[in-house]
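Engineer: One structure, pasted below without further comment.
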Amino acid sequence: MAQRAVWLISHEPGTPLCGTVRFSRRYPTVEKRARVFNGTSYVPIPEDGPFLKALLFELRLLDDDKDFVESRDSCSHINKTSVYGLLVGGGELWPVVAFLKNNMIYACVPLVEQTLSPRPPLISISGISQSFELLFGIQDFLHLGQKNDTELNTKLNQLPDLLLQACPFGTLLDANLQNSLDSINFASVTHPQKQPAWKVGTYKGKPQVSISITEKVKSMQYDKQDIADTWQVVGAVTCKCDLEGIMPNVTISLSLPTNGSPLQDILVHPCVTSLDSAILTSSSIDAMDDSAFSGPYKFPFTPPLESFNLCYYTSQVPVPPILGFYQMKEEEIQVKITVNLKLHESVKNNFEFCEARIPFYNRGPITHVEYKVSFGQLEVFREKSLLIWIIGQKFPKSMEISLSGTVTFGAKSHEKQPFDEICIGGTAYLKLHFKILDYTLTGCYADQHSVQVFASGKPKINTHRKLISSDYYIWNSKAPAPITYGSLLL
Amino acid sequence: MGPLSRETWAQRLGAFRASPSAFMAGPEGEDLGRDLLNELRSEKLSEQTKVSLLALSLEYPAQLWPDAAAAEAAATSLLDTLVLLPPRPSALRRPLLLAATTALAAGDALGPTSGASRRLLPLLLGLASGRDLGRGFGPASEQRPLQATACECLRELESCKPGLLGGCLGLLRSLLGQEGPVQPLSLLLALALRNTLVIQARARAGLQGLLVAGDMPAAGGPWNWTLAEEADAHLQPQAPSWPAAEEEECGLAVLEPSPEEARELRAAVAQLLDTSYLLTPVAQAQLLWLLGWALRGLRGQPPVLFKPQLVRLLGTAQLTLLHAVLALKAAFGEALFTAQDEALLLRRLTLAAQHPALPLPAHLFYLHCLLNFPENCPLGPTGEETAPLLLGPRLCRGLLPSLLHDPSALLAHLHLLCLLCAEDEEKEEKGQDWCPRHYLGELLAGLRQRAALHGGPRALATLCFQASYLVVHCLATQPTVLTPLTHGLARLYRARPALAPHFVDLLDRVGPELGEPLRTALRQEVVSRPGRDEALRWHLQILSKVADGKAPSATLGFLRAAAAHCTDWGLQQALLQVCRALLRAGVGEGLADLLQALARQLEDPDGRDRARLYYILLAHLAGPKLGVALGPSLAAPALTSSLVAENQGFAAVLMVQEAPAPMRLSVGPRRAAGPVPVLQLQVEVLEPLYSVELRFRVEGQLYAPLGAVHVPCLLPGRPCRPLHLPLQPRRPAPAQLAVRALFATPAGLTCHAHLPPLPVNFADLFLPFPRAPDGDKQGFFEELWDSCLPEGAESRLWCPLGPQGLEALVARHLDPFVVVAQPPTSYHVAIRLPPASRLLLRLEAAQGDGVPVALRTDDWAVLPLAGDYLRGLSAAV
């Protein structure tokens, strides 16, 4: 259970190599074991240059996909996971765990403690999940609060020292690199007995506990007879516990109002010490009925020092917060659009912002727009072929607003206008972006009084809630739209 | 080289990292390792620079110190640097320990004879046990981190040399019980325990109190290498391949600890598990893998020890933890997971595979785990991905593919959908209900629609073909899926012929279930629209793949129409490639006309030549031979001459190859009749041969040149009629015939072989005289007898008789030539010897052991041959 090597590669389309190795680390003692375990199927870790080339090719990130290349484009070359085989130096390096996120490619090669031919299933390779955790850990570290390239470079420069701490010999000790950074800084603190490895020091100061519930709502609305609209709430509860003592115990209860929607699919942070079986089994897979467990959801835990996600959940609320339809009809070089949006009465009508983005893909730039809105303003981004309907902080009293208009397009030039593989012909969507503070769609809240803390001093408890939209699509009802299987089960 | 500045080192390290092999091959390569070790003691360099030097040695020890001796020397030097550090806080101690460990382990230097090993191991163990090692090892504040580092170093050494710490199990246990750092000690103990169990099981030894021996190797005393040497350099997988819950290949089952040992073992495992919550999630996962595989199959060690951990672990979203639970599931099966537990685990896994809060790579990994789920009672064949029995359609609902998915996500979910459809096969399709198969059809249609986008990225097309391939792979037996797929693909081709290479690739990889109908559909698609077309080159590429013997007139019509538009070399070659496919398929009618026309009308001389070549081949070679000559595939014509490339393909086929003799030839019974002597040849073959031609040559021009003998087909084990070889002697003399065979093999090659020479005996040339007039045989004979002299010769000789007597001898050898017979005592024999000789014999008054023979011939040269012949008769069988 170890890693042979790890890389960070920035993806730079348009440059000659299409990418640069920003960081790499090899583990020679693991490599030595790989040579023994893999036997004749052993392929050594290549140098950075060849690795970069092979990985970008396999991930289709080189700029040259004009021609059919069998080793990449063959129909039998099927990849169903983020694990790849790379052709390097006459052999195939496998398994290479790799994914692209925010223009950075995260990659590593776990040790496989057996021969590679035939390939063992990934599930049997202990190093695979460790690879993912290492890469996720690096990704979290790089993107936590990172705002610009300078900060990214600073963090990349810290990586060698951090990995020396968190993964000195290729066996990952802690995926939380921030923790490792702290442990370098905390080195002078004397550690008392039974200090958890995931908590490098102790807090000194005023005790306080912050609990923040963020719900994201996503939706696919079609306004069609035979296709069901879908929507789902995904919640994340983030905690920061500034408490003295080595192992303070905290219990947080999440509650629902009487008409609240039960929480399902609950995943908890590893610091949660025990879990009620009702929480463990409450799942969106099952048909909903009145007997569904509706809380309170108790989470006893021993908090780490840093801010962490106590739990995630999903929920199926009875109605989407904003229901709408979008009709778009093509008439030669122009399209006619009609949009109608209705805020559900149960939803708090006080947005931080609310807007509808209406993109037009695979067309030329907008040359002319005639429109009428019942509320808000429309902004036109001609070159991007995009309309943004700014709805603002509140829906009007009727709770219902509409937009209609005609959009004319110029000639299509391939470089500038956005290409989209879904929005072909009449297939089109509008996407809602909104945020409501101090509100959750499920009604879920953390009652200050229900928070139990077993530590010295009475802590101050802060709670926050917010609802934000995420992937909130309303599809053109006058044309085919991509559906999920769930939409077909009316 | 003198001391280098920080900048110089930074440059040097940068150059090294850019390409280690290039740097080491350069002028500075050789000295790098030595310089690095020296610079660590330099007082001019900052600690930070030294740490970066050490970091390099952690990554590239094999390049810096390429052999065991160099690694040993490097480790010694690193240890020296360590003990020479001043007693103030330093950032170098930790990396120095790591570097010395790496140098020894990666450099193959770790062992009882290595001085550096003998220094490093006690040092690490001392640090790990928190012993005061003196001021040289830094201030107290550094002790704790160094203790953890020492544990990590020991663990790495134990990983590379299993059994190294077998003697320290008791010590590690007691340290864990005291106040040592929990995580490093737990992981070290778990690994050492696992390795010890495996080694002892292999040696059929017990734990021998290793778990309780608490004493520590005395400082400076000898290290106990016994177990490491028993491990015999067998590296132990920390987690051997699963599933093997029921197998005992890990060999632990033979280890039967005594009740006391079992109790100690249980206590040690419980101790590790009880404090496991203090470990980071990834470390917890490692601990579970190690302990799971340590106890797997060990008698008297129920896995129920793990049970209390499971509920806690199942609730988390942590990938390593859920993976470790799956490892326990694979290791212990029903012993740890009841049917309900299994169902719960499966539900959590299903949930994790689609939870919106988790990233896509995690979803895909969980989906993989679902399809490889270690079930308690697996039904399907092992080694293949299947949906677990408990994973019903309801559970899968959220796991089905959608066009909004990324390519790998779509393929992963599509695979699951295909598995569901395969299970669904027997069930009736229910009216309006959206069954999985219907959904699959819609999804594939959506993928094709995207692939058909002109100017769309190739990835979209690739995805469409990968999905089609996956569907065919899983659902090859379902016409309700394949028929619409075939039609859909044909429509896709019509919409975007530029995808031809993808179609060719797909046809190469799918079985006949899709391949056959798709070929037909594509052929019809192409030939139904002849004429000028932007996509002509794609059409020709497709046709060269799908053109076969079926409906050749439509194909030929298309080609005739296309020929006018094939104005450049590439198109002409593509056109001829289709002709080639038709030639191979045995299409003759119409093709000859087309080829002739092409040979005249194509603009490019290379194209004309190639067309002419095909025409000649078509005119001269029979179908099977043509198939072989042109097959199996032509390397894409490079350069400017397609003929050269073509020739490479079939020159070998058209040339006659030398081969070992595949047949045996022998001369059969004589057939003394007709105007000339005829040899009857008998043939036996070892392999099937076709179009056999046997050629004979007489040595010394004794006979006129011999004609060849042809046989269409010879099969082993099947007797062949004798072959007749007429001889035309110029002189009546025996001879040797040199024999060569030309034949075609079943593979279509034409071969040539030399056979052993065939002897023609004197007697093989005998012919009878035309029948004498009935009345006067004696007179006829006498007339011949008298005519021999005076030009001829006369002789008398003694012909020995065997036990069979004269009558039998004559009957056997001379019967066709007897003119007058008075059995059993007197025979007059007249033999005609072509071209114009005669041999007359009088065998009269036989005695017991022989008969006197009077002999006349008109050719004196025959006399000695006749003498030899007669003397040899009795010996001849």
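Engineer: In segment B:766-873, if every C-alpha pair distance is counted and binned at 10 Å from zero, what percent goes to each bin?
Structural biologist: Computed distribution, short to long bins: 15, 51, 30, 3.
Engineer: Continuing with the same structure: Given the options A:ILE266, B:PRO852, B:LEU169, identify the residue whose Cα lies farthest towards the positive end of the charge dipole of the protein assembly as shown (+1 on Cβ of Lys, Arg; -1 on Cβ of Asp, Glu).
Structural biologist: The residue sitting farthest along the positive end of the dipole is A:ILE266.
Engineer: Within a 10 angstrom radius of each residue's Cβ in B:848-855, how many Cβ atoms of other chains show up on average? Whole number is fine.
Structural biologist: Rounded to a whole number, the mean comes out at 0.
Engineer: Classify segment A:59-167 as rounded, prolate or oblate from the Cα gyration tensor: take a ≥ b ≥ c as the square roots of its eigenvalues, call it rounded if a/c is under 1.5, otherwise prolate when a/b beats b/c and oblate if not. Walk me through the intermediate numbers first.
Structural biologist: Numbers: a/c = 2.48, a/b = 1.36, b/c = 1.82.
The shape class here is oblate.
Engineer: When a/c is below 1.5 the answer is rounded, else prolate if a/b is larger than b/c, else oblate, so apply that to segment B:529-626 with a ≥ b ≥ c taken from the square roots of the Cα gyration tensor eigenvalues.
Structural biologist: oblate
Engineer: Return the sequence-ordered ³J(HN,Hα) values of segment B:578-585 in whole Hz as given by the Karplus equation 6.51 cos²θ - 1.76 cosθ + 1.60 applied to θ = phi - 60°, using x for Gly and Pro.
Structural biologist: So the Karplus estimates, Gly and Pro as x, are 5, 4, 4, 4, 5, 4, 5, 6 Hz.
Engineer: Taking 0.36 nm per residue of sequence separation and subtracting the Cα-Cα distance, how much length would be gained by fully extending the chain between B:ALA445 and B:ALA551, in nm to one decimal?
Structural biologist: 35.2 nm
Engineer: Using only alpha carbon positions, build the gyration tensor of segment B:834-877, then give the equivalent ellipsoid semi-axes as the square roots of 5 times its eigenvalues, largest first, whole angstrom.
Structural biologist: After diagonalising the Cα gyration tensor, the semi-axes are 21, 13, 8 Å.
Engineer: Compute from the Cα atoms of segment A:1-50 the Rg and the Dmax, the latter being the longest Cα-Cα distance, and quote both in angstrom.
Structural biologist: For segment A:1-50, the Cα radius of gyration and maximum Cα-Cα distance read 13.7, 41 Å.
Engineer: Calculate the FRET efficiency for A:LYS458 and A:PHE293 from the Cβ-Cβ distance with a Förster distance of 35 Å, rounded to the nearest 0.05.
Structural biologist: Result of the calculation: an efficiency of 0.70.
Engineer: Same structure, new question: Put +1 on the Cβ of every Lys and Arg and -1 on every Asp and Glu Cβ in segment B:657-761; which of B:ALA735, B:VAL711, B:PRO688 then has its Cα farthest towards the positive end of the dipole?
Structural biologist: In segment B:657-761, that residue is B:ALA735.
Engineer: Can you compute the helix-only [θ] at 222 nm over chain B? Use -39500 (n - 2.57) per DSSP H run of at least 4 residues, normalise by all residues, nearest 500 deg cm²/dmol.
Structural biologist: Values: 35 runs with 439 residues, N = 877.
Computed ellipticity for chain B at 222 nm equals -15500 deg cm²/dmol.
Engineer: Which ordering of B:GLU684, A:GLU355 is given by a fewest-first count of other beta-carbon atoms within 10 Å?
Structural biologist: The most exposed by this proxy come first: B:GLU684, A:GLU355.
Engineer: Moving on. Quick one: which of A:LYS66/A:LYS384; A:LYS66/A:LYS478; A:LYS431/A:LYS478; A:LYS53/B:LYS545 span more than 27 angstrom between C-alpha atoms? Walk me through the numbers on the way to the answer.
Structural biologist: On the way: A:LYS66/A:LYS384 25 Å; A:LYS66/A:LYS478 34 Å; A:LYS431/A:LYS478 17 Å; A:LYS53/B:LYS545 33 Å.
Going by Cα-Cα distance, A:LYS66/A:LYS478; A:LYS53/B:LYS545 fall outside the 27 Å limit.
Engineer: Follow-up question, since we're still on this one. Once you have the Cα-Cα distance between A:THR238 and A:LEU87, take 0.36 nm times their residue separation minus that, and quote the gain in nm to one decimal.
Structural biologist: Fully extending the segment from A:THR238 to A:LEU87 adds 50.1 nm.
Engineer: Cα gyration tensor of chain B, axes a ≥ b ≥ c as square roots of the eigenvalues: rounded (a/c below 1.5), prolate (a/b > b/c) or oblate?
Structural biologist: Prolate.
Engineer: Step through the table entries A:LYS32/B:LYS161; A:LYS101/A:LYS155; A:LYS218/A:LYS329; A:LYS348/A:LYS460; A:LYS224/A:LYS348; A:LYS435/A:LYS466, compare each Cα-Cα distance with 18 Å, and write down the pairs that go over it.
Structural biologist: A:LYS218/A:LYS329; A:LYS348/A:LYS460; A:LYS224/A:LYS348
Engineer: I need the Debye-formula profile for the protein assembly as shown: one equal scatterer per C-alpha, no solvent, reported as log10 I(q)/I(0) at q = 0.05, 0.08 1/Å, two decimals.
Structural biologist: So the normalised log intensities are -0.57, -1.07.
Engineer: Hey, with R₀ at 41 Å, roughly what FRET efficiency would A:SER274 and B:LEU404 work out to, going by the Cβ-Cβ distance, to 0.05? Mind showing how you got there, number by number?
Structural biologist: Numbers: r = 38 Å, r/R0 = 0.92.
E(calc), rounded to 0.05, equals 0.65.
Engineer: In addition: Using the basic label-point model (7 angstrom from Cα toward the beta carbon), what is the A:ASP471 to B:ALA861 distance in nanometres?
Structural biologist: 10.3 nm
Engineer: Need one number: the % of Cα-Cα pairs in segment A:2-183 sitting beyond the 27 Å mark.
Structural biologist: Result for the distance tail: 26 percent.
Engineer: What does the convex hull of the alpha-carbon atoms of segment B:710-816 project to on average, in nm²?
Structural biologist: Its average projected convex-hull area is 12.0 nm².
Engineer: Give the calculated FRET efficiency between B:THR477 and A:HIS344 to the nearest 0.05, with a Förster radius of 45 Å applied to their Cβ-Cβ distance.
Structural biologist: On the way: r = 49 Å, r/R0 = 1.09.
Using R0 = 45 Å, I get an efficiency of 0.40.
Engineer: Over segment A:315-431, what relative contact order in percent results from Cα pairs under 8 Å that are six or more residues apart?
Structural biologist: Across segment A:315-431, relative contact order equals 34 percent.
Engineer: What distance in nm separates the simple spin-label points at B:ALA267 and B:ASP868, each placed 7 Å from Cα in the Cβ direction?
Structural biologist: 10.4 nm
Engineer: Ratio of segment B:663-751's C-alpha Rg to 2.2 N^0.38 Å, to two decimals?
Structural biologist: Against the empirical 2.2 N^0.38 Å value, I get 1.15 for segment B:663-751.
Engineer: Need one number: nm distance between label points at B:ALA18 and B:GLN48, each 7 Å from Cα along Cα→Cβ, rounded to one decimal.
Structural biologist: The answer from the label model is 2.3 nm.
Engineer: Output the relative contact order of chain A, whole-number percent, from Cα pairs under 8 angstrom with separation of 6+ residues.
Structural biologist: Rounded, it is 15 percent for chain A.
Engineer: While we're on this one: With unit charges on the beta carbon (Lys/Arg positive, Asp/Glu negative), name the residue among A:GLN393, A:ILE211, A:PRO248 whose Cα is farthest towards the positive pole of the charge dipole of chain A.
Structural biologist: Of the candidates, A:PRO248 comes out farthest on the positive side.
Engineer: Okay, moving on. For B:ALA498 and B:ALA845, compute 0.36 nm times the residue count separating them, minus their Cα-Cα distance, and round to one decimal in nm.
Structural biologist: Values: separation 347, 0.36 × 347 = 124.92 nm, distance 9.93 nm.
Full-extension gain reported as 115.0 nm.
Engineer: Please tell me the relative contact order of segment B:657-761 in percent, rounded to the nearest whole number, where contacts are Cα pairs under 8 Å and at least six residues apart.
Structural biologist: Averaging sequence separation for qualifying contacts and normalising by length gives 32 percent for segment B:657-761.
Engineer: Would you kindly work out the equivalent ellipsoid of chain A from its C-alpha gyration tensor and give its semi-axes, the square roots of five times the eigenvalues, largest first in whole Å? Write down the numbers at each step before the final one.
Structural biologist: Numbers: eigenvalues 343, 255, 89 Å².
Three semi-axes, in Å: 41, 36, 21.
Engineer: Cα convex hull of segment B:266-327: mean projected area in nm², to one decimal?
Structural biologist: Computed as one quarter of the Cα hull surface, the answer is 3.8 nm².
Rule-based calculations on the coordinates, nothing more; no lab input. Here the structure is a predicted model, which means the values were calculated and not measured. We place every Cβ from the backbone using ideal geometry, glycine too, and count neighbours over all the protein chains shown.
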